[in-house]
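S.K.: Can you read through this structure? Questions will come right after.
The values are calculated or read from the model by the stated rules, or taken from the named source; none is laboratory data. This is a predicted model, so every value here is computed, not measured. FYI the Cβ positions are ideal-geometry reconstructions off the backbone, even for glycines, and counts take in every protein chain you see. The area values use the complete protein model at the heavy-atom level, side chains included, leaving out ligands, DNA and RNA. Shrake-Rupley method; radii C 1.70, N 1.55, O 1.52, S 1.80 Å.
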Amino acid sequence: MASYSSSLCFLNNIFLLIFLLFGHEFLQLQALHHVYRASHRTSHFVLHQHQQQPYRTSYHFQPPKNWINDPNGPMIYKGIYHFFYQYNPKGAVWGNIVWAHSTSTDLINWEPHDHAIFPSQPSDINGCWSGSATILPGEKPAILYTGINPKNQQVQNLAVPKNLSDPYLREWVKSPKNPLMAPTPQNHINVSSFRDPTTAWLGRDGEWRVIIGSKIDARGLAIMYRSKDFVRWNQVDHPLRYKDDMGMWECPDFFPVAKTGRTGVEMKVSGSHVKHILKVSLDDTKHDVYTVGTYNWKKDIYIPNKGSIEGYNGLRYDYGKYYASKTFFDSQKKRRVLWGWVNESSSVDDDIKKGWSGVQAIPRAIWLDASGKQLIQWPIVEIQKLRNNKVKLTNEVLKKGSTIEVKGVTAAQADVEISFKVENLKKAEILKPEWKDPQLLCSQKGTSSTTEGGSVGPFGLLVLASNDLKEYTSVFFTVFKKPHKYVVLMCSDQSRSSLHSNNDKTTYGAFLDVDPTRENISLRSLIDHSIVESFGIKGKGCITARVYPTLAIGDNVSLYAFNNGTDSVTITKLTAWSMKKAHIN
């Protein structure tokens, strides 16, 4: 034992010395942590043809089989985009978690690689959970991730590429100093709620900072650590931010955004020309919420803007199925890109039968709205390469109760943009004071709801609709009025999406910050067999839904625009494209 301990101590010192002097060039340690070989690789085979797998997507990221969840460590390195994700190589339910790895040149078409990080040390022997990538000086990537140790405690670990000359970063080496951050009796950190380190940032004092999600009772915490060398980390005596009654803060994300324009900024940027975003994933509700605020780099604290709502009723990236999101700065295109996990609405039994569970949303470019109050999200421009067979419609009046079929597109695999003009806003229904919950209001009002006194809406799209309209998912708007202003409600109603009774058919909703007297009401929906991503008012509100029709499958799918309000609305412009299949894993 003494001889082994001395040898381990010697190796630890060697790792630290080489890391400090040469960054990641420490190939001497490769024998300590063997990489997964081809037998552990994500399989290339396709389970069945698409007609046997009608719910598999065609241009959303998903592996050929098994369970996936959180996006991890997205980055760009030597012109190659890297995407890691939580993956169970053994089945379609959660468990046996490793970091799977794929690369791309356009964020749309992806090639798989061997798993990057998998259990191999005491500090991660029971699972390699979520984390983030940081690009160190000299363009040297490093990954901090949560490992589960033999006591099932959550601890933080470091891994770096074995070969920096490999743009695909196919092999990773773990630090023998792991874990670098861990709960102790002295720091009183919750051993079962200490996970998901963020991308680190370099302060003006030359020290690295990182935050990790945690909780104490019902108080959510963003615990902060500092380091001079990215190996030896010390806990700061206060969190970056905390908030009572929010529960566990999973997958925190903290980053700067420019006050004006759409250009993204690097993590290290701070000052009066930027605001900061703190996003947390609420374990209790499975919602991603965020605030816009200010980072005081001298005190290492984050302060949300005055009037910001923190908690369950705060701003969300997405008001549907969207969780554990993660951004990265795309240094090549100078933008910040957002990834998010979209889980299933089918039963676990159905997931096991189909052999897979979970997809990733289309990556989104994000920037600060001109109001400074919220983020704008929009699908990355590269997705437009898949557009095909354009169909266009302009200045079409939708009278009360009318429906128009959009023909000429592959309705199960499409990209649709539509803009509505409302002429008679005076007929808008009064928004009652008790109607504070947009999701509940969408459920109560529904697609076919009209009001005796008149209503502006619902109007929008029926997607993944069967030819007889026994099944459809409706994405729509209703305009309400309050004293001196109008309020626009955006809904995604899954209540009639499938005749299958075992699916989750929750209806989602959001109030959008828009003045319909000054601009048209617009919608974009990305439709891909079992997922509908919808962007309202040019990205001011987003709702993602998972649906599993029994009739609206393959060629038996239709797309409609509709108006069930008491007055006409005009489609000023509708453009729809069939979407080609992306190459994914």
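S.K.: Give the cross-link partners of LYS90 among the aspartates and glutamates, using a straight C-alpha distance below 19 Å as the criterion and excluding same-chain residues fewer than 8 apart.
M.R.: Correct list for LYS90: ASP70, ASP114, ASP124, GLU344, ASP349, ASP350, ASP351.
S.K.: Check cross-link reach from LYS268 to the aspartates and glutamates: straight Cα distance under 19 Å, and skip same-chain residues fewer than eight apart.
M.R.: Correct list for LYS268: GLU139, ASP205, GLU207, ASP229, ASP253, ASP300, ASP330.
S.K.: Here's a follow-up. Accessible area per residue for the chain in Å², computed with a 1.4 Å probe and the full protein assembly in place, what is it?
M.R.: 41 Å²
S.K.: Further question on the same structure: Under 16 Å Cα to Cα from LYS445, which aspartates and glutamates show up? Leave out anything in the same chain fewer than 8 places away.
M.R.: Cross-link targets: GLU429, GLU434, ASP437, ASP493.
S.K.: Is segment 82-150 rounded, prolate or oblate when judged by the Cα gyration tensor, a ≥ b ≥ c being the square roots of its eigenvalues, rounded requiring a/c under 1.5 and prolate requiring a/b larger than b/c?
M.R.: Verdict is oblate for segment 82-150.
S.K.: Once each part is reduced to its C-alpha centroid, what is the distance from segment 50-70 to segment 401-425 in angstrom?
M.R.: Taking the Cα centre of each part, segment 50-70 and segment 401-425 sit 27 Å apart.
S.K.: Cβ neighbours within 10 Å, averaged per peptide: list 534-545, 54-65 in order, most packed at the top.
M.R.: 534-545, 54-65
S.K.: Could you check how much of the accessible area of the chain is carbon and sulfur, as a whole percent, using a 1.4 Å probe?
M.R.: Taking all protein chains in place, the chain shows 50 percent carbon and sulfur surface.
S.K.: A further question on this structure: Hey, which of these cross-link pairs are over 22 Å Cα-Cα: LYS151/LYS279; LYS399/LYS421; LYS78/LYS333; LYS390/LYS538; LYS485/LYS573?
M.R.: LYS151/LYS279; LYS485/LYS573
S.K.: Once phi is turned into ³J(HN,Hα) by the Karplus curve 6.51 cos²θ - 1.76 cosθ + 1.60 with θ = phi - 60°, what whole-Hz value does each residue of segment 552-564 show in order, with x for glycine and proline?
M.R.: Karplus-based 3J(HN,Hα) across segment 552-564 equals 7, 10, x, 7, 9, 10, 10, 10, 9, 9, 9, 9, 10 Hz.
S.K.: Continuing with this model, one more query. Using alpha-carbon pairs under 8 Å, 6+ residues apart, how would you state the relative contact order of segment 233-390 in percent?
M.R.: 19 percent
S.K.: Amide H neighbours of ARG335 under 5 Å, at least 5 residues apart or on other chains, H built in the peptide plane: list them.
M.R.: Residues meeting the amide H criterion: GLY264, ASP330.
S.K.: Once you place label points 7 Å from the Cα toward the Cβ at ASP284 and GLN52, how far apart are they in nm?
M.R.: In this crude label model, ASP284 to GLN52 measures out at 4.6 nm.
S.K.: On full extension of the chain, what length is gained from ILE404 through LYS90, given 0.36 nm per residue of separation minus the C-alpha to C-alpha distance?
M.R.: Answer, rounded to one decimal: 108.5 nm.
S.K.: Quick one: ranking ARG336, ARG170 by accessible area, 1.4 Å probe, largest first, what do you get?
M.R.: Result, largest first: ARG170, ARG336.
S.K.: On a full-extension model of 0.36 nm per residue, what is the gain between LEU499 and LYS151, subtracting their alpha-carbon distance, rounded to one decimal in nm?
M.R.: Contour length minus the Cα-Cα distance gives 120.7 nm.
S.K.: Continuing with the same structure: Evaluate the distance, in nm, between pseudo-label points positioned 7 Å from the Cα of ASN556 and of ASP205 along their respective Cα→Cβ axes.
M.R.: It works out to 6.6 nm between the two label points.
S.K.: Note down the accessible area of SER165, probe 1.4 Å, to the nearest 10 Å².
M.R.: Surface accessible to solvent at SER165 totals approximately 90 Å².
S.K.: Oh, and also: Can you tell me how much longer the chain between GLU266 and ASN467 gets when fully stretched, taken as 0.36 nm per residue apart minus their C-alpha distance, in nm with one decimal?
M.R.: 67.5 nm
S.K.: Using a 1.4 Å probe, how large is the accessible area of VAL487, given in Å² and rounded to the nearest 10?
M.R.: Approximately 20 Å² of VAL487 is accessible to the 1.4 Å probe.
S.K.: With contacts defined as alpha carbon pairs under 8 Å and 6 or more residues apart, what's the relative contact order of segment 66-379 in percent?
M.R.: Relative contact order here is 14 percent.
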